[in-house]
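Below: one structure, written as structure tokens.
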């Protein structure tokens, strides 16, 4: 798999005061580079959006590893696994993981 083209993590959340006296949340790379700003309908939503976005590099890496794990499960003839109390096809999981990763690195 090729190297991701996005700014490498980790990302951190920093509050940023906007002119109206409220706060936006900004996502910064470790080197201080501005990645994004997050705005929400409330302070809580704003922070939740920023928290999810700041986790993106870690989520990308986890999905990349999950693709490999689902491939190994298929190689070992492990057709299904239990997730949230339901049996799920390892092949379908692999397709789901690949689709999610493709969406994240869409060109």
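Each reported figure results from applying straightforward, stated rules to the coordinates on display, with no laboratory input. Quantities reported herein were computed from a predicted structural model and do not represent experimental measurements. Methodologically, a virtual Cβ is constructed for each residue, glycine included, from the backbone with ideal geometry; neighbour enumeration extends over all protein chains shown.
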Could you give log10 I(q)/I(0) at q = 0.26 Å⁻¹ for the range 57-104, computed by the Debye formula over C-alpha point scatterers of equal weight, without solvent? -0.95
The helix 90-104 Cα axis meets the longest alpha-carbon principal axis of the chain at an angle in degrees, between 0 and 90 and rounded to 10, of 30 degrees
Suppose we keep just the alpha-carbon trace of the chain; what are its Rg and Dmax in angstrom? 17.9, 59
Which order do 87, 28 fall in if you start with the one that has the fewest other Cβ atoms within 10 Å? 87, 28
